Structures are given as C-alpha cells and as structure tokens.
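Here's the structure, in structure tokens; my notes come after.
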Amino acid sequence: ESPAAFRRELRTAARTLYETRPTAVSLPNALRYVLRGMTGDTVADLRESTITCAEAFQRDLAQAQDRLGEIGANRLRDGDVVMTHCHSTDALSCLEAAIEGGTDLEAIVKETRPRKQGHITARQLREWGVPVTLIADNAARRYLDRADHVLVGADSIAADGSVINKIGTSGLAVNARERGVPVVVAAQTIKLHPDTMTGHTVEIEMRDETEILSDEERAAITGTDASDEATSETAAMDGDARSHKAELTVENPAFDVTPPRYVDAIVTERGQFPPESIVTLMRELFGELTDDPWDA
C-alpha cells in the first residue's frame, strides 16, 4: 500500500530466496542486480522498475552466455575430445559454438552421482550429433588419457580463483593436472562471488541423504526396520530410533572447492583469465562492497 511497505516486502522475499541456496552465487548476484535497480516514488513506479530490471537481467544473461560460448569455442580444435562433469549450460555453450563453427568434437561425459546430471549433458550433445562416451565418475582417471580438455562449469568462483562446482570437480582437476590435460572453467561473471573479496568463505550446501541412501537401503545396512528409520526423521523420535540413526552417518555435499593451481583458464563473457587474476575482474564489476540490499 505504500512505497516503504513495497520495498520491505521485496527485501523479505529476496532474503528468503537468498537463503535457499547457500553455495550458488548466481542467485544473490541476480537479486542484487534487480533490487539495486529498483527506483520510484510510488508503488506503481517501484513495481515497474523492478520488472524492467528483471527483464533486462534475463536479456543480459542470454547475451553473456552466447558471448562466453564464442570465446570458449576458440580453445577447441577439430577432433578434440572433451571430458565434462555435471551439467553446465555455460560449458555447453562453448561446445555448441564450436560445433556451429564446423568443429568436430567428441565427448566423455561423467554421469555425476548421485543425481546423474551427466545424463542431461549426454542427451544434449547427442541432439547436436556429438559422439558421447558416458562413464561412471570413478572411471575418469582411466579415460583422461583419451581427453584433450576437461571442461566444467562453476556455481561460484572466489576472489583467489578457487572454483566451487559440483562435488567431484576437484578430484577430476587433480587427476587431469597429473595427466597433463588442461582444465577450463566456463562461467559467466554472475558466478563471481564478490563477498570473498572481503575474506568470506563460500558455504558448501549439504543435500538430503536420501539422494544417496533410501530409507529401505539404510534399514538393510543397519539391520533395522524401515519404519523405524522413517520414525527417526520425526521431531519426536525416541532414544532407540536416535541410536539406530547414529549407527550410520550419510553426508551428501553438493559441491567441492578446486584450488586455482589446478585450473588452466576461466572463460567468461568478458574474456578468458588465469584464475589468479579473476579478482581484478571481480573488483571491476563489483567495486567496493556495500551491505546487501535485502539487509537494508
């Protein structure tokens, strides 16, 4: 009913969205972009400017990915074999641009447990006519001898050039370095994490254990009844249920951190950078940090 109430409700909504995904920085960067562009003296003006900013952000994002793809495609040559991990539209944009430019490629696609996002990548590449070899995650080391590049995306990139991406990326990068296979990270600048310039660390999201182990599988391992395991998930679980739960711990981190020494280049819509110099781009884009708009 008033501009102050509108701003307050929008900040509350932004904070709720921000707290849903603690690792992927594209979400808070999008929220910053939209909320900082909100202007006007009436509720109608504020609403219109917010929608305009959101639409402009979507257009910029699409153009950024196209430009990123063109830059990343320059690293690929006829006959190259590219190994991927998880599903990244930024990484795929590099492959798509190369294919559209007439470059023949092959792909080795890691399935990416526990949710098998690699299947999405394999399906897209097959639609483009790219020969695909789908492998289990723990077979990556064996197949790196056939790869010319490792190409992955990023959920966040820290100021020191560390890459936060789907769990398993770090181990792949270490193995690739040992094999002499360059690791390229494709990431729009929306993936840069400005908070890390002031020393903040990136929180790693922990996902539900049932992605790894169902209640029935847990019961089979622990020798308990599945109904007891279900009971242990409730707030009112008894001591026996707690002890059964404690007998087997399941952890399901969604992401890991790849140190910059294992990354050859970070490709963005602004160009490609050695990871150690990404902080320069981050300062150019974000300047001196102020409080986030949802905390105002």
- request: Would you please name the residue that is surrounded by the fewest Cβ atoms within 10 Å (Cβ to Cβ), looking only at residues in the stretch 250-294 that are under 18 Å from the mean Cα position of the chain (by Cα) and among the β-branched types (Val, Ile, Thr)?
  value: VAL257
- prompt: Restricting attention to the stretch 163-183, which residues are out of contact with any helix residue (DSSP H, G or I) (no Cβ under 6 Å at 6 or more places or on another chain) and closer than 23 Å to GLN65 by Cβ?
  reply: VAL163, ILE164, ASN165, LYS166, THR169, PRO182
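Yes or no, residue by residue, for (1) modelled with pLDDT of 95 or more; (2) closer than 23 Å to SER156 by Cβ; (3) out of contact with any Gly (no Cβ under 6 Å at 6 or more places or on another chain):
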{"site": "ALA62", "(1), (2), (3)": "no, yes, yes"}
{"site": "ILE99", "(1), (2), (3)": "yes, no, yes"}
{"site": "THR103", "(1), (2), (3)": "yes, no, yes"}
{"site": "LYS110", "(1), (2), (3)": "yes, yes, no"}
{"site": "GLN117", "(1), (2), (3)": "yes, yes, yes"}
{"site": "THR121", "(1), (2), (3)": "yes, yes, yes"}
{"site": "TRP128", "(1), (2), (3)": "yes, no, yes"}
field: Count of the stretch 117-132 residues which are surrounded by fewer than 16 Cβ atoms within 10 Å (Cβ to Cβ) and either within 20 Å of LEU172 (Cβ to Cβ) or touching a Ser or Thr at 6+ places or on another chain (Cβ under 6 Å) (or both)
entry: 1
field: Elements of type strands (runs of 3 or more DSSP E) in the stretch 247-291, at least 3 residues being among the aliphatic types (A, V, I, L, M)
entry: 265-268
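The values are calculated or read from the model by the stated rules, or taken from the named source; none is laboratory data. The structure displayed is predicted, hence computed values, not measured ones. Note: ideal-geometry Cβ built from the backbone for every residue, glycine included; neighbour counts use all protein chains shown.
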